[in-house]
Amino acid sequence: MAGRLIVISNRIPTGDPSGGLVVALHDALLARGGVWVGADPDPSEEGRECLHELGDIPYRKRAFRLSKTERQNYYSGFANSVLWPICHRRTDLIEIKSEYRADYLAVNLRLARLIAQDLAPQDVVWVHDYHFLPLAMMLRSLGVTNRIGFFLHIPFPNITDLAILPRPEDFARWLASYNLLGLQTRGDVARALEMFRADPRAEFLRDGTVKFDEHIVTVASFPIGIDCDQIEATARRADPGPFGAANPRELIIGADRLDYTKGLPHKFEAFGRLLQGRVDRDARPTLLQIASPSRADVAAYRQITNDLQAISGRINGQYSELDWQPLRFVHRSVARDRLIGLMRRAEVGLVTPLADGMNLVAKEFVAAQAPDNPGVLVLSRFAGAAEDMKGALLINPHDLDETAGAIDYALAMPLDERRKRHADCLAVVRDSRISVWTDRYLARLASCVPTLALSRHQAASA
Ligand code: ADQ
């Protein structure tokens, strides 16, 4: 594919690239050349009408500035208090304000103008996530006919939840302006197609693409993965760090952004249920939950933090012994190598989201295990990862008894069964490794019907 790659994502990485997705996009940009555009981490009233350059590397990084008000309305407001809860089936947490939507559209339009100025005809644009849903529609309105792909990292919403959006009819039009709509799972694709099927403006063509007004969009799933070779290598040499005198015999690990979608209260309560039902009073499992702080300026996130502190206090108060604290709730980020070391050390990985696009922690836990003596993954069936990871113990996190039973079963699982389940999961993790994901997405985008050649394609598929 000729032409540069233009990547748009909310957060522009600074410093050395780390983390699977950042490294994969960095590699794709190194290979083809191009530009990475994202929001400057520091809000500012100055210089909002231009993209400023960050660093000096073989491809360009350009940042756009948000004012404090835009950050509140566009980012914390429309993106994280409207779209995020809608996509995660938490419509009870939606906060609708007209200024949220207005600034969301204004920021996207400003960004579209800045990007359009710099586009060459063969450039390919790859837009990431719910912060930029209308970007392609705005670029099209400025005359851009380049291939533009979108990848949604979070679940595609249910059609009934979509109706709660202000001007819900815009959503399908925004997405139809892309050439390729990439989603995490087959379930997400089914929901996206249901939305188009219910929309009188959409027409299904014989090759499975969707024609919407003058646009043709391909909808497909691209389950995101991790850099498993790197995680396996890190895990082999990683040190979990000191536990001190309280070194747990049976370690259950959870690592999540502190988000209400991750089912952390359900996880804590299920662990409490396990402690309550223990027959062997000498068994002393420890749940180590490391939760990195997230979006503290949104009220729902402050609430969930308070709830978790209360639940962990109650469970520890009820079950702790002088020399044993069953639940350790660590509210901070942990260095990557340390986290991978803890995952390898753990007997059980406990991943309990109520809704999640994919969940990379589940894949990292699998890659971090020693294949000859692996730990067991207990995984919510509401994580995208559960669609293919049939070797995990799949649970419904709303069912506390089922989750407690699965942890209990995992802790007692014979070695043969652990090895077999781990091998099944690892095969899935390797098949979806992040470098394959990037290549598959970009190859599919290259093969999409270009926006200019619409009429010939329509004639052929009619
Ligand atoms: P997230 O909601 O952030 O991502 P996830 O996929 O689990 O969720 O990725 C979190 C990352 O942060 C993992 O790499 C994990 O190791 C790391 N992490 C979590 N807790 C940490 C801690 N306390 N300290 C340090 N690191 C920690 C969104 C979607 C997901 C989708 C991804 C990628 O919500 O569903 O899988 O994007 O598409």
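What follows draws every value from the coordinates through simple rules; no lab data is involved. All values derive from a computational prediction rather than experimental measurement. A quick note on method: Cβ atoms are made from the backbone with ideal geometry, for glycine too, and the neighbour counts reach across all protein chains shown.
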Counting Lys and Arg as +1 and Asp and Glu as -1, each charge on the Cβ, what is the dipole of region 191-266 about the Cα centre in debye, to the nearest 20? 200
Checked region 42-201 with the C-alpha gyration tensor, a ≥ b ≥ c its square-rooted eigenvalues, rounded below a/c of 1.5, otherwise prolate if a/b is larger than b/c and oblate if not; verdict oblate
Karplus-derived 3J(HN,Hα), 6.51/-1.76/1.60, for each residue of region 429-445, Hz, glycine and proline x: 4, 5, 4, 9, 3, 5, 5, 5, 4, 4, 4, 4, 5, 5, 5, 5, 5
Under the rule rounded for a/c under 1.5, else prolate if a/b exceeds b/c, else oblate, using alpha carbon gyration tensor axes a ≥ b ≥ c, the chain is classed as prolate
Calculate how many DSSP beta bridges within the chain are antiparallel, expressed in % of all such bridges and rounded to the nearest 5. 15
Going down the list 262/390; 262/420; 267/390; 97/211, which pairs span over 29 Å between their C-alpha atoms? 97/211
Just need the Rg to Rh number for region 214-333, please, alpha carbons only, Kirkwood Rh. 1.09
Could you check the spin-label model distance between residue 381 and residue 120? Points 7 Å from the Cα along Cα→Cβ, value in nm. 5.1
Give the long-range amide H neighbours of residue 11: residues separated by 5 or more places, or on another chain, with amide H under 5 Å away, using H modelled in the peptide plane at 1.01 Å from N. 39
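Report, as a whole number in µm² per second, the diffusion coefficient that Stokes-Einstein gives for region 189-237 at 20 °C and 1.002 mPa s using the Kirkwood radius over alpha carbon pairs.
159
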Quick check: pseudo-label points 7 Å beyond the Cα along Cα→Cβ at residue 282 and residue 97, how many nm apart are they? 5.9
In Å, the Kirkwood hydrodynamic radius from C-alpha pairs for region 228-432 sits at 17.0
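So if R0 is 25 Å, what FRET efficiency would residue 141 and residue 48 give, r being the distance between their Cβ atoms, rounded to the nearest 0.05? Present the calculation step by step, with values, prior to reporting the outcome.
On the way: r = 20 Å, r/R0 = 0.82.
Approximately 0.75, to the nearest 0.05.
On a full-extension model of 0.36 nm per residue, what is the gain between residue 159 and residue 303, subtracting their alpha-carbon distance, rounded to one decimal in nm?
49.1 nm
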Among DSSP beta bridges whose residues both lie in region 228-432, state the antiparallel percentage, nearest 5. 5
Length-normalised contact order of region 228-432, Cα under 8 Å, at least 6 apart, in percent, tallies to 26
Taking 0.36 nm per residue of separation and subtracting the Cα-Cα distance, what length does fully extending residue 296 through residue 237 add? 17.8 nm
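Would you mind getting me the FRET efficiency between residue 401 and residue 113? Use the beta-carbon distance for r and R0 = 60 Å, nearest 0.05. It would help to have the intermediate numbers written out before the result.
Values: r = 55 Å, r/R0 = 0.92.
Once the sixth-power term is evaluated, E becomes 0.65.
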For residue 57 and residue 314 in the same chain, what is the full-extension length gain: residue separation times 0.36 nm, less their Cα-Cα distance, in nm? 87.4 nm
May I ask for the angle, rounded to the nearest 10°, between helix 228-237 and the longest principal axis of the chain, with both axes built from Cα atoms and the value confined to 0 to 90°? 30
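Let me check I've understood the local charge: for residue 248, count other residues with C-beta under 11 angstrom from its C-beta, Lys and Arg +1, Asp and Glu -1. What total comes out?
Here the charged neighbours net out to +2.
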